[in-house]
Amino acid sequence: MGRILNMTIEPKIFTEVKGILKGFGQTYLTESGALKRSKLTEDLDNYVPLLMKELLSSELVRQSYVEEIKVGDKTHEIFKLNQFVELFTYKQYWEDSYTKFSNKIGLTAGGKFIDETADVVLDFPFKDCVLKAGMSKEDAKDSDEAFLNEVIAKTEIDTLLEPKIFVNATRYDKEHLEGQPTDTFSEQDNLIIKGNNLIALHSIKARYAGKVKCIYIDPPYNTGNDSFNYNDNFNHSAWLTFMKNRLEIARELLSDDGAIFVSLDDKEIAYLRILMDNIFGRQNFVNTFIRKTKIGGGSDSAYGATEHEYVIIFAKNIAFLPEFFVKFDESYLKRYKEEDETGKYFWDTLARPGLKNPIHYDIELPDGTTTDQGWIWSKKRFDEENAKGNIKISKKKDDTWSVQFKQRLNSKGRRPRTMLTDLGGTAVGNSEITKLFGERIFSYPKSEELLEFILSLHTKENDLVLDFFMGSATTQSVAMKMKRRFIGIEQMDYINTVSVERLKKVIDGEQGGISKAIDWQGGGSFVYAELMEKNQRYLKDLLSSSDTAELNAVYQRMVNDGADFDFRVDLKKFEDEKSELDFEKQKEFLLKIIDKNQLYYQYSEMDDEDIRELIADSDLKFNKGFYEGIDD
């Protein structure tokens with residue numbers, strides 16, 4: 001039986017539906033209360049009027065399973081039957097039912113594994129769920145309650161992903177390097193957010209949906225050594241759910257001509273490709289770049305040193321995606337020594353030895369003779385270019401004839417390489433951070449040269465760039481230097497000691513990374529804001545507690561301040577028996593029962609008198625401007 005049964009779900013819908021079914025006597029429930037699943041499913045399939053009337057009279061059922069669709073001037077209601085039927089697959093609520101979820105992870109289509117069908121999708125236990133808190137930093141590793149099902153817990157998910165209140169809004173620019181409080185925000189402002197990235201992405205959706213040209217992310221690689229080092233069978237599935245939740249909202253933020261670039265290594269790249277096929281559409285796959293990260297090998301595998309990582313690219317809609325070009329390097333440009341009214345060129349040979357499938361026709365030479373060497377152009381194109389003066393025929397020193405054409409410089413640039421061998425591996429990124437801060441204070445940052453390459457492929461000045469795994473702020477630093485607008489999201493506390501500090505150095509004109517190559521002299525600005533913590537603050541304190549005394553102090557604060565706990569928990573019983581639990585067990589329990597659906601305060605609650613007292617006047621005005629001044 002799948003572990004999905006242990007997730008946090010919303011029992012109200014089960015209670016509501018069971019109450020409705022009881023009203024039909026023993027038509028759908030046995031005398032002992034067991035579900036007559038086949039009879040109920042049959043009547044649902046047939047839309048039996050009396051059954052549907054009773055179900056649709058429930059406001060809770062309507063909220064969860066009825067969708068309004070407008071056709072012309074008329075609004076029609078659609079009952080989502082398939083999703084409703086999923087209610088009856090949860091055994092702990094329906095005694096004679098079963099669950100369709102299993103621990104097996106693999107490639108399936110229509111619920112069948114690929115040895116039974118040719119249509120491939122990625123199937124895993126929690127693919128119809130939202131990872132509630134999102135990071136192991138917020139969850140006990142062995143918690144069974146990290147997932148919310150998209151159908152059963154719809155209202156909980158809606159609450160989780162509602163826009164949140166921003167606090168501590170601060171503007172940084174050349175004149176205010178240490179920042180100053182701000183109560184304004186405009187479309188041209190760069191934005192840095194501290195908070196859970198899934199929740200933050202949904203908070204900015206109304207303002208930025210369809211406006212982001214380029215997304216670059218460097219997520220946890222799920223190597224077993226990072227934040228997804230779970231000691232159970234759901235390590236892989238948790239990572240897939242984590243990525244799925246974030247990629248779905250990321251797609252909504254992309255513009256029609258936008259693209260997303262994701263850095264990853266061998267551990268999950270194959271699964272990520274199929275996951276992104278499902279989210280973005282297989283037809284919108286663009287390319288996979290291979291990036292060399294080490295020199296001289298390493299000891300990371302018994303079967304071969306891993307020297308590379310990947311950057312996988314998907315378009316929002318490949319039909320609108322501009323072609324990728326990068327600028328020509330200086331050594332390439334040296335050959336274009338001549339110039340006419342249409343641009344630079346050099347004389348290239350029209351006939352080449354060993355040419356595959358040459359086109360044969362006679363060309364008349366200046367001395368009246370002809371030559372046929374097998375040409376790279378058709379006769380029609382040769383005549384057209386010759387008439388334009390783009391053909392030169394001249395005698396060489398050995399008395400043979402040279403037929404040449406003007407090879408013009410493509411104004412767009414050249415096609416990018418997909419084997420990236422000289423864009424700064426791990427050592428370069430580490431070196432850049434060390435030079436900025438005097439010590440290596442961040443692990444495995446990407447190099448600025450890599451980000452410059454990516455942004456030059458797909459963006460121009462003033463385009464909007466998003467990175468919601470901000471880390472050391474490489475993406476934002478390069479975007480600022482390249483005069484792109486940017487959004488960065490990071491929930492870890494180093495956002496203040498590393499990320500923001502790095503951006504302040506960029507504003508001040510630091511000369512690391514790509515600065516000298518692009519003649520960066522400083523400037524730019526950004527607005528920093530934090531999602532207003534609710535249970536998140538207690539969560540951090542619980543995690544940092546090192547003994548029972550510290551843990552109890554946090555717990556008492558939670559109780560006194562009215563923290564949100566899981567509704568099923570009997571705190572009185574816990575207090576009576578907690579002395580029997582050791583420190584680790586108490587900590588694990590408290591991490592499990594804190595309601596991760598209430599990590600931050602909702603924007604909709606901002607006018608509540610008690611919450612209003614917690615918010616500075618400038619932050620109140622900032623929130624109004626951010627959420628209500630969308631057209632600024």
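Within region 49-69, restricting attention to residues that are among the hydroxyl-bearing types (Ser, Thr, Tyr) and in contact (Cβ under 8 Å) with a residue 12 or more places away in the chain, the residue that is farthest from Thr15 (Cα to Cα) is Tyr65.
Would you mind finding the one in Gln180, Gln188 that is part of a loop (DSSP other than H, G, I, E, B) and surrounded by fewer than 19 Cβ atoms within 10 Å (Cβ to Cβ)?
Gln188
Which residue is modelled with the lowest pLDDT, if the candidates are limited to region 323-333 and must be in a loop (DSSP other than H, G, I, E, B) and open to solvent by less than 60 Å² (accessible area, probe 1.4 Å)? Looking at residues that are in a loop (DSSP other than H, G, I, E, B) and open to solvent by less than 60 Å² (accessible area, probe 1.4 Å), I get Phe328. Among the residues of region 587-610, those identified as touching a residue at least 12 places away in the same chain (Cβ under 8 Å) and either over 22 Å from Leu543 (Cβ atoms) or touching a Phe, Trp or Tyr at 6+ places or on another chain (Cβ under 8 Å) (or both) are Phe589, Leu590, Ile593, Ile594, Asp595, Gln602, Tyr603, Ser604, Glu605, Met606. Summed over region 585-614, residues that are open to solvent by less than 10 Å² (accessible area, probe 1.4 Å) and among the β-branched types (Val, Ile, Thr) total 2.
Here's the yes/no breakdown for (1) buried (at least 20 other Cβ atoms within 10 Å of the Cβ); (2) over 20 Å from Leu450 (Cβ atoms); (3) not hydroxyl-bearing (Ser, Thr, Tyr):
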{"residue": "Lys483", "(1), (2), (3)": "no, no, yes"}
{"residue": "Asn496", "(1), (2), (3)": "no, yes, yes"}
{"residue": "Ser499", "(1), (2), (3)": "yes, no, no"}
{"residue": "Val506", "(1), (2), (3)": "yes, no, yes"}
{"residue": "Phe526", "(1), (2), (3)": "yes, yes, yes"}
{"residue": "Glu533", "(1), (2), (3)": "no, yes, yes"}
{"residue": "Ala549", "(1), (2), (3)": "no, yes, yes"}
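Kindly establish whether Phe567 is surrounded by 17 or more Cβ atoms within 10 Å (Cβ to Cβ) and more than 21 Å from Asp582 (Cβ to Cβ). Answer is no for this residue. All conditions but one from (1) in a helix (DSSP H, G or I); (2) hydroxyl-bearing (Ser, Thr, Tyr); (3) loosely packed, with under 13 Cβ neighbours inside 10 Å apply to Thr75; the one that does not is (1). Restricting the first residue to region 380-395 and requiring it to be under 14 Å from Asp348 (Cβ atoms) and open to solvent by less than 50 Å² (accessible area, probe 1.4 Å), which pairs with a second residue that is part of a helix (DSSP H, G or I) and not polar (S, T, N, Q) meet a Cβ separation below 8 Å and a spacing of at least six or different chains? Within 8 Å, the pairs are Ile391/Phe382; Ile391/Glu385. Considering region 398-498, the qualifying helices (runs of 4 or more DSSP H), each wholly inside and each with 2 or more residues that are over 23 Å from Lys194 (Cβ atoms), run over 426-437, 448-458. Which of the residues spanning region 244-275 are open to solvent by less than 10 Å² (accessible area, probe 1.4 Å) and closer than 13 Å to Val311 by Cα? Matches in region 244-275: Ala259, Ile260, Phe261, Val262, Ser263, Leu264, Glu268, Leu272.
Check region 443-453 and report whether any residue there is closer than 17 Å to Val506 by Cβ, free of Cβ contacts under 8 Å to residues at least 60 places away in the same chain and of a type in the set (Gly, Ala, Ser). Taking every residue of region 443-453 in turn, none turns out to be closer than 17 Å to Val506 by Cβ, free of Cβ contacts under 8 Å to residues at least 60 places away in the same chain and of a type in the set (Gly, Ala, Ser).
Just wondering, is there one or more residues in region 220-243 that are open to solvent by 30 Å² or more (accessible area, probe 1.4 Å) and either at pLDDT 95 or above or in a strand (DSSP E or B) (or both)? Among the residues of region 220-243, not one is open to solvent by 30 Å² or more (accessible area, probe 1.4 Å) and either at pLDDT 95 or above or in a strand (DSSP E or B) (or both), which makes the answer no.
The values are calculated or read from the model by the stated rules, or taken from the named source; none is laboratory data. As the structure is a prediction and not an experimental result, all values here were calculated from the model. Note: ideal-geometry Cβ built from the backbone for every residue, glycine included; neighbour counts use all protein chains shown. Protein only, heavy atoms only, side chains kept; ligands, DNA and RNA dropped before computing areas. Shrake-Rupley method; radii C 1.70, N 1.55, O 1.52, S 1.80 Å.
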